[in-house]
Amino acid sequence: IVYGLLRGGARWDTKEHSIVESRPKELYTDVPPIFFDPILDRPTPENIYRCPVYKTLKRAGTLSTTGHSTNFVLPIELPTNVPAEHWIKRGVACVTGLNF
């Protein structure tokens, strides 16, 4: 179980069990605890946004030998009632912590 993530650009709706628009003046919201259950060759379900998780607010990092940013952690699949492109255009992402 992973907890303590923050999401920018969207919030979790407990009634709809999906991500929805943020409330006004709400920059970052807590992500509910996530249980990771790895499944080999699992087909991607419909109505899913693959939300990137970053270590810091700065979404850039040095490219590693694998071709990924050193700041990128993993994508998490979040249910949505709108197309994933909606959240991509809004730049919705999760971070492991804020740097105040």
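The values are calculated or read from the model by the stated rules, or taken from the named source; none is laboratory data. The shown structure was predicted, so the numbers you read here are calculated from the model rather than taken from an experiment. Surface accessibility is based on the protein's heavy atoms, side chains included, excluding ligands, DNA and RNA. Shrake-Rupley method; radii C 1.70, N 1.55, O 1.52, S 1.80 Å.
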Enumerate the calculated ³J(HN,Hα) couplings along the range 7-18 in order (Karplus 6.51 cos²θ - 1.76 cosθ + 1.60, θ = phi - 60°), each rounded to whole Hz, writing x wherever the residue is Gly or Pro. 10, x, x, 7, 9, 8, 9, 5, 6, 8, 6, 7
Both in Å, the radius of gyration and Dmax of the C-alpha trace of the chain are 13.8, 42
Quick check for you: with a 1.4 Å probe and neighbouring chains kept, what is the accessible area per residue of the chain, in Å²? 71 Å²
Please report, as a whole percent, how much of the solvent-accessible surface of the chain comes from carbon and sulfur atoms (probe radius 1.4 Å). 58 percent
Given H placed on each backbone N at 1.01 Å, which residues far from S18 in sequence or on other chains put an amide H within less than 5 Å of it? D13
